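The values are calculated or read from the model by the stated rules, or taken from the named source; none is laboratory data. What you see is a predicted model; the values in this text were computed from it and never measured. Cβ atoms come from the backbone with ideal geometry, glycine included; neighbour counts cover every protein chain shown. Ligands, DNA and RNA are excluded from the accessible area calculation, which covers all protein heavy atoms including side chains. Shrake-Rupley method; radii C 1.70, N 1.55, O 1.52, S 1.80 Å.
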Amino acid sequence: MTIRLIAGLGNPGTRYERTRHNVGMAWLRRLAHRFRLPLSPERKFRGSVARGDILGRDVWLLAPDTYMNLSGDAVGPLAHFYKLAPEEILIAYDEVAFEPGACRLRVGGGHNGHNGIRSVIAALGNQAGFARLRIGVGHPGNSAEMIAYLTGTRMTGEEQDRIEQATDIDDDTLGRLLDGDFDAAMNAINARRRVTDASECPTPVDRRQR
């Protein structure tokens, strides 16, 4: 299936700008700016929404105004209203198993401890077949520091630059992704930077605080 809805997860308000938990929403806003699709608040969808042409494809963009743990309260209503199947949805969000500068595309799977993804799955009737753009933010090294690491401190300029470079998807790859050619899109995105996965992390990945 083609991708008809792209949502970028994060927390609302200036307090959370440039925090690691907001990298998905930041990417979504850069995408909207790139294709000149202004996001406007839509109360019934509990988020800021745009619809328009991305490389010749008709696509919805959504930045939830809910907090991360309630992301499904925005994604679910929009998907249900416009009769979008989970397989037509791409969700961008932060991934602590990957270092900043790593970005991975995946289709389906569980929530893996991420509360925003947990909420989206529940809102879609426990269907998890949507695509995910997992944006590496690194791990604090201690699970007790997870909340502060993700939401309480802003990223350094170097971290932000690495993340933006890793998620700057070229038109050809983005077109393949929107067309549902996930194998080609995965190969292009996943090969861009070496990723440090959970088995390579210096400390165990613990998302209980997320």
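Odds and ends about this structure:
- Counted residues, region 39-48 - those being open to solvent by 30 Å² or more (accessible area, probe 1.4 Å) and closer than 19 Å to L70 by Cβ: 6
- Within the option set R36, R29, R51, being in a helix (DSSP H, G or I) and surrounded by fewer than 20 Cβ atoms within 10 Å (Cβ to Cβ) holds for one residue only, R29.
- When V195 is tested against (1) modelled with pLDDT of 90 or more; (2) open to solvent by 20 Å² or more (accessible area, probe 1.4 Å); (3) within 30 Å of A85 (Cβ to Cβ); (4) not aromatic (F, W, Y), just one condition goes unmet, and that condition is (1).
- Flag if G76 is surrounded by fewer than 21 Cβ atoms within 10 Å (Cβ to Cβ) and assigned to a helix (DSSP H, G or I): yes
- Those residues of region 139-177 which are within 15 Å of the chain's Cα centre (by Cα) and crowded, with 18+ Cβ neighbours inside 10 Å, in sequence order: L150, I163, A166, T167, I169, L174, L177
- Single residue of R36, R57, R46 found to be touching a residue at least 60 places away in the same chain (Cβ under 8 Å) and of a type in the set (K, R): R57
- Per-region count, region 113-138, residues within 19 Å of N11 (Cβ to Cβ), within 14 Å of the chain's Cα centre (by Cα) and not in a helix (DSSP H, G or I): 7
- Residue in region 3-15 that is of a type outside the set (D, E), in a helix (DSSP H, G or I) and closer than 21 Å to Y149 by Cα present: yes
- Residue match in region 199-208 (condition: over 25 Å from P86 (Cβ atoms), open to solvent by 30 Å² or more (accessible area, probe 1.4 Å) and either in a helix (DSSP H, G or I) or modelled with pLDDT of 90 or more (or both)): yes
- Verdict on R104 being in a strand (DSSP E or B), closer than 21 Å to D181 by Cβ, open to solvent by 10 Å² or more (accessible area, probe 1.4 Å) and in contact (Cβ under 8 Å) with a residue 60 or more places away in the chain: yes
- Close pairs from region 10-29: first free of Cβ contacts under 8 Å to residues at least 60 places away in the same chain, partner buried (at least 18 other Cβ atoms within 10 Å of the Cβ) and of a type in the set (D, E, K, R), Cβ under 8 Å, at least 6 apart: P12/D65
- Residue count for region 108-126 satisfying the condition of being modelled with pLDDT of 95 or more, open to solvent by 40 Å² or more (accessible area, probe 1.4 Å) and touching a helix residue (DSSP H, G or I) at 6+ places or on another chain (Cβ under 6 Å): 1.
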